[in-house]
Amino acid sequence: MRRIAILIALMVASGLVANRALAVLQSHPTAAALVSSTSPQVRLPGTIYVSQEGAIYAISGSEVRRLALPSGGDWTQPRVLADGSLLVVRRFDAYSDLYHVSTAGRVLSRMTSDDPATSNQTLQLDHWVLWPAISPDGTAVFFATDAPKPAPKQSYEVDFSLWSAPLSAAFTIGGSGVNGGTRWSVPDLYTGGDIEPMPLPNGSLLYSSYANTGKGTVVTVIGLQTNPNSAMRALTTPQQDCGAPSVAPDGVTLAMVCTNSGQTANLEVATLEGNALGTPRVVVANCLCNAPSWSPTGDNLLYMNAADTNGNFGLWYIAHAGGTHPGAARRVTDSSVDLDATSAATWSSR
Amino acid sequence: MRRRRASLRSGRQRAARGSFVVAGFLVSIITGVLLYFLPAIQVALRDTGQVNTSLGGSAQLKPVSASEHLSATAPFTLLLLGSDSDSKFKGAFLTQSMILTRVDPATKHVTMLSIPRDLWVRLCTGSNGKIDQAFLHGGAQCAIQTVERDLRVHVDYYAWIGLQGLVSVINELGGVNVVANNPVMDDYYPADLSGGNPFDYQRILVLPGAQHMSGTLALEYVRARHDDAYGDFARSQRQQQILIALRAKTKHISLADIPSLATSLGSDFQTDMSIGQLSGLLPIAGSVPLASITQVVLLPPYTISQYLGGQAVLMPDWSLIRPEVAKYFTAAS
């Protein structure tokens, strides 16, 4: 009797084992690890700030810490100021704001209030502010915002324009534009507009500009303006479909991502020659690359790439990327980490 | 002699006991496997071509025939349908997305042709209307008949997915990696999945460039259209992008993933393919290289925007569309 009971128990167990064995065979995607729970694969000098799941992390050598920013919204697109503090975008579902924060994550000031919908119940009055960039002299902040735009219910139009504003003074974003700011660009309507401003030491502005080809596609070119009122000069062709520009501190070495209108990209480096661009050099081909950014010394390039089989976007690094003999691409973050690929890393020498 | 008979009898008893034990283990293992695949079996019975059910609408048209096995070499045509399946529509849906897909397993080539939802056609009901209404009037059968008759192609299978189904399946696969073409912005995006008033709006923004998209973000990317120079055409191109990204994910799916995928799809998925055919599709999809995917969108001059009876429609130029379609798809018999 006891033997039969054992046999029946074994039979039931075999069914359970078969069931669980199938569950083990599932290719369930594992949740990405937080960058703070892993160790960097490459130890780089200074501090690199990245964004993951709405938080900002500081990578210093082998240490990774999370900035103690207030909860609520997604913190993204950090930019280091000369004193080491940061400008960071705080993004909510319907709007975003720009904040000045300390390296610990303490809010020093809230620079915009882009959610008038809370008081007047009209969602379309909200605004986005994104891609902050500090002028090389440290006096102004450049950014993209969906202002001006038509009054609610008048039009579907909502596109990014580029603006600058003094870092030391307050500015407000409204339906007619940025009060206290200077408008730099007028977008091609219904394309997404102009984004990713890169102020240059000579006072010019480089950026990604989206344009309607008139042939069923919207493409991006790297545009250059010498002043707020000048016309944009395209430095790349619509066929190259280049965006995400990042200029090294030398003011002439440019990294950008070009898709050639495809579903993969090339990470390319070129040199600005006056108001033109030299022949680009592909440093990483056929990648899922985004958001390049340079080291404070300008010789090392960071970028986001999903090069692992798990598809996670990691932080990658190429030494001497602007030179004739760049180093091999190396992953900085652990392969289990999935960073916000639309948020460029920012590298502080401190 | 007696001892030999006793020995034979005891041998038979041992064999019978052994058979019983083996059968017991087999039954237990099969039960375990069946329980594992129970969600897939339920979906197979309810939503796939395992049994012949008609979907949506009231017209009872010809049943969709589905051969039992996908050939490893013969090309086939699949009509992919996507609907806003939120509570606004009370179970009768328009198709916001129609993508006619030809898969050639032998050459590993895929062609995707997006049929604009506003295309003004003769519907299966005999009346004229936008092609997105075919599904509303007669379910998948009517959508297939309309496409077959107007585009003069043969459709082998269909697959329909609702909004929540798309979100869930992408989340179940761990998201998709996409190179977003441009900033996708919409201040009048329908807020119909949050459970509140389905006629409310929300603001959405999808940033450009390579990124990892969750199901919700991917849905926003394929559904937004208001601030877009090409409106529904651009949306069609983005829908094809997400399909291509999903294709990359199928490389990592095994048969063991089918139950959880079936659970995630819930009632937001219907097809006339059997579970066996669906699982046979996965390795084919995963083996198609990116360069072997042809994407077709019927931009002007194939279609011309017009207002007809107060509604925006796209008038087809069949003299251009049909030869273009014939390049890629098998003609209807």
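What follows draws every value from the coordinates through simple rules; no lab data is involved. Computed from a predicted model, the values in this text were never measured in an experiment. So basically every Cβ, Gly included, is an ideal-geometry build from the backbone, and we count neighbours across all protein chains shown.
Would you work out which of A:L224, A:V64, B:G276 lies farthest towards the positive end of the dipole of the protein assembly as shown? Charges go on Cβ: Lys and Arg +1, Asp and Glu -1. So the residue furthest toward the plus end is B:G276. Taking label positions 7 Å along the Cα-Cβ direction at both B:R322 and A:A169, the computed distance is 6.7 nm, reported to one decimal. Ordering A:E268, A:E273 by the number of other Cβ atoms within 10 Å of each residue's own Cβ, fewest first, gives A:E273, A:E268.
Computed per residue of the protein assembly as shown from DSSP H runs no shorter than four, each worth -39500 (n - 2.57), the mean residue ellipticity at 222 nm is -8000 deg cm²/dmol.
Across chain B, C-alpha contacts under 8 Å between residues 6 or more apart give a mean separation that, scaled by the residue count, equals a relative contact order of 23 percent. Taken along the Cα-to-beta-carbon direction at a fixed 7 Å, the label points for B:S19 and A:K215 span 7.5 nm.
Apply the a/c threshold of 1.5 to the C-alpha gyration tensor of segment A:10-65 and tell me whether it is rounded, prolate or oblate. In terms of gyration-tensor shape, prolate. Only Cα sites of segment B:39-328 enter the Debye sum here, all with the same form factor; the resulting log10 I(q)/I(0) across q = 0.14 1/Å is -1.08, listed in q order. Panel order for B:R102, A:R350, B:R122, by other beta carbons found within 10 Å of each beta carbon, from fewest to most: A:R350, B:R122, B:R102. Mean partner shielding of peptide A:91-98, defined as the number of other chain Cβ atoms within 10 Å of each residue Cβ, is 2. Largest mean-square fluctuation among A:L130, A:L205, A:L16, in a Gaussian network model of chain A whose springs join Cα atoms under 10 Å apart, belongs to A:L16. Applying 0.36 nm per residue to the separation of A:T122 and A:V186 and subtracting their alpha-carbon distance, the gain on full extension is 20.6 nm.
When each full DSSP H helix of chain B is screened for a Cα extent of at least 18 Å along its own axis and an average Kyte-Doolittle hydropathy of at least -0.5, the helices passing are B:2-36, B:133-151, B:275-287. Its convex hull of Cα atoms gives the protein assembly as shown a direction-averaged projected area, equal to a quarter of the hull surface, of 39.2 nm².
Comparing B:G175, B:A134, B:G195 along the charge dipole axis of chain B, the residue lying farthest to the positive side is B:G175, per the Cβ-charge model. On the beta carbon distance between A:S109 and A:T226, with R0 = 25 Å, the FRET formula returns roughly 0.20. With +1 on the Cβ of every Lys and Arg and -1 on the Cβ of every Asp and Glu, and nothing else charged, how large is the dipole of the protein assembly as shown about its Cα centre, in debye rounded to the nearest 20? For this selection, approximately 4000 debye.
For the segment A:312-318, counting C-beta atoms of other chains within 10 Å of every residue's C-beta and taking the mean gives 1. Here the relative contact order of segment A:42-348, from alpha carbon pairs under 8 Å that lie six or more residues apart, stands at 12 percent. The distance from the alpha carbon centre of segment A:205-257 to that of segment B:266-333 is 34 Å, rounded to a whole number. Considering all projection directions equally, how large on average is the shadow of the alpha-carbon convex hull of segment B:208-310, in square nanometres? Reported value for the Cα convex hull: 9.7 nm². If you wrap the Cα atoms of chain A in a convex hull and average its projected area over all directions, you get 23.9 nm². Residue order for B:Y36, A:Y95, fewest other beta carbons within 10 angstrom first, comes to B:Y36, A:Y95. Loop-resident chymotrypsin sites (Phe, Trp or Tyr not before Pro) (DSSP state other than H, G, I, E or B) in segment B:196-270 with no more than 11 further Cβ atoms inside 10 Å of their Cβ: B:F199. What the phi angles of segment A:285-295 give under the Karplus curve with 6.51, -1.76 and 1.60, with θ = phi - 60°, is a coupling list of 9, 6, 10, 9, 9, 7, 6, x, 7, 9, 6 Hz, glycine and proline written as x. Between the beta carbons of A:N310 and B:T73, assuming R0 = 35 Å, the FRET efficiency works out to 0.60 to the nearest 0.05.
For segment B:39-328, a simple Cβ point-charge model (Lys and Arg +1, Asp and Glu -1, everything else neutral) yields a dipole of about 480 debye relative to the Cα centre.
Comparing B:V167, B:V147, B:V33 in a Gaussian network model of chain B, where Cα atoms under 10 Å apart are tied by springs, the biggest mean-square fluctuation is seen for B:V33.
The calculated FRET efficiency for the pair B:F199 and B:Q306, based on their C-beta separation and a Förster distance of 25 Å, comes to about 0.40. Among the aspartates and glutamates, which have Cα under 19 Å from the Cα of B:K108 when same-chain residues fewer than 8 positions away are ignored? Here the aspartates and glutamates satisfying the reach criterion relative to B:K108 are B:D156.
Note on A:216-224: average number of Cβ atoms from other chains within 10 Å of each residue's Cβ is 4.
Rounded to the nearest 10 degrees, the angle from helix A:2-25 to the longest Cα principal axis of chain A is 20 degrees. If only the Cβ of Lys and Arg carry +1 and only the Cβ of Asp and Glu carry -1, the dipole of segment A:42-348 around its Cα centre is close to 220 debye. If you run the Gaussian network model on chain B, springs between alpha carbon atoms under 10 Å, then out of B:A262, B:A140, B:A74 the most flexible one is B:A74.
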